[in-house]
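Values in this text are rule-based calculations from the coordinates and carry no lab data. Note that the coordinates shown come from a computational prediction; the quantities given were computed from them, not determined experimentally. Note that we place each Cβ from the backbone using ideal geometry, even for glycine, and neighbour counts take in every protein chain shown.
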Amino acid sequence: MIQKITSFYKLQISPVPGTTRYIPTVPFEMPQVGAAAMRGLRPASLSFQGAQSALKSLVCAQCRRSLSSSAVAASGHNRWSKIRHEKGAADLKKTALRSNFTKTMTFLSQMYGADLSLNAQLAATVTNAKKCGVPKAVIEAAIARGQGRSASGANLEHTTFEIMMPPSIALVIDAETESKARATQDLNAMIKRKGGVVKSTKFFFARRGRVVFGEKEVDSENGEQAAPSQGEPVSADDILEDVIEAGADDVETDDEGNIVVWTPPHQTAAVVNAVTGGAAGQESKFKDRLTVLSSDNIWSVNEETRAPLGNRPDELRKLTEMIAALRAYQDVRAIYCNAVQGDAPDEIWQQLEQDIDW
């Protein structure tokens, strides 16, 4: 009986060394039928089920995988490919809005204090930020940063990072952090991962103070609209004499009609006080007409060092990913870049304009 089974399944019975068991194997050639071809068998050492199991084990795993099947993808499985562009644009707008709120809250906290009951402009900005979905933790961190502290109360250290991106795009990053060593390690790893090089780039820029004034629309004392009895809007020429005496270098008007005053880095506070009368006992004829929209020391790119962007997708992708990653890092306060649009697509350039501090 055993001989018939082994002939039918083309099996050869091999003993396991050191044991009393036998293993059925398949020879490369058909064994010859006869006593010489068969080795001695112990009783009940082979069964039909055992031979069938042995044959099944000879089928390789790769063959079994090739015969497997998977469920048919249901409707909607490719939805991400259809909405990712819309979601990406929406995320960019949300990030830009949050960045604007945090900058404004940090500035107002720095200029007029962190107490919302004594700082009406900051209180109004916080209310608007909450309506737009800015998280409470982000709001608290922005206000604390204006006081030179982190959200946990630790003092912040200022540090600057210089980056060069291909082909010749220079970046300067201003950061404020609780731990300079941690921030340096994180940002260096990010720069390497995104294809950048840590390299001196400050010579592409000049450190300057910038104060932006706008028309005051709401009276902070009673919340009523300011009366339009002041005549024509205040122009850059109107405040020129006052700000020059306070140490300003230049005055201009931006695309939105706001007055931009350029100063040495240590003269920004003096210019603000000269226009708004912020210092104790100091009066200004523009106090009730102009308000400070922003005031900070920035890295202003030198005109002769501006670099036009090309149209190479790989270089543009690396640059946009780098700037987006820097903007998302919690300790980064400002990003300055010497790039101009050049041959870059409008969509890419608009994204960069939102993330870069000009």
Compute the signed sum of charges (Lys and Arg +1, Asp and Glu -1) over the other residues within less than 13 Å, Cβ to Cβ, of LYS318. +2
Along segment 264-270, Karplus-curve 3J(HN,Hα) (6.51, -1.76, 1.60; θ = phi - 60°) to the nearest Hz, with x for Gly and Pro, reads x, x, 8, 10, 5, 5, 5
Which net charge results for the neighbourhood of THR268, defined as the other residues with beta-carbon distances under 13 angstrom from its beta-carbon, given Lys and Arg at +1 and Asp and Glu at -1? +1
Label-point separation in nm, SER235 to VAL260, each point 7 Å along Cα→Cβ: 1.9 nm
Please list, in chain and number order, the residues 5+ apart from ALA206 or on another chain whose amide H is under 5 Å from its amide H, with Hs placed from the backbone. SER300, VAL301, ASN302
Between LYS192 and LYS180, with labels modelled 7 Å along Cα→Cβ, what's the label distance in nm to one decimal, could you check? 2.1 nm
With DSSP loop assignment and no more than 13 other C-beta atoms within 10 Å, the GluC sites (Glu not before Pro) in segment 249-328 are GLU256, GLU283
Can you give the extra length, in nm with one decimal, that the chain gains between GLU347 and ASP249 once fully stretched, where that is 0.36 nm per residue apart less the Cα-Cα distance? 31.8 nm
Nitroxide proxy distance, nm - points 7 Å out along Cα→Cβ at ASN311 and LYS131: 4.3 nm
Sparse-neighbour loop sites [trypsin sites (Lys or Arg not before Pro); segment 291-358; at most 15 other C-beta within 10 Å; DSSP]: ARG306
FRET efficiency estimate (nearest 0.05) - Cβ-Cβ, LYS199 to SER117, R0 51 angstrom: 0.60
For segment 158-358, one quarter of the surface area of the C-alpha convex hull, expressed in nm², comes to 13.8 nm²
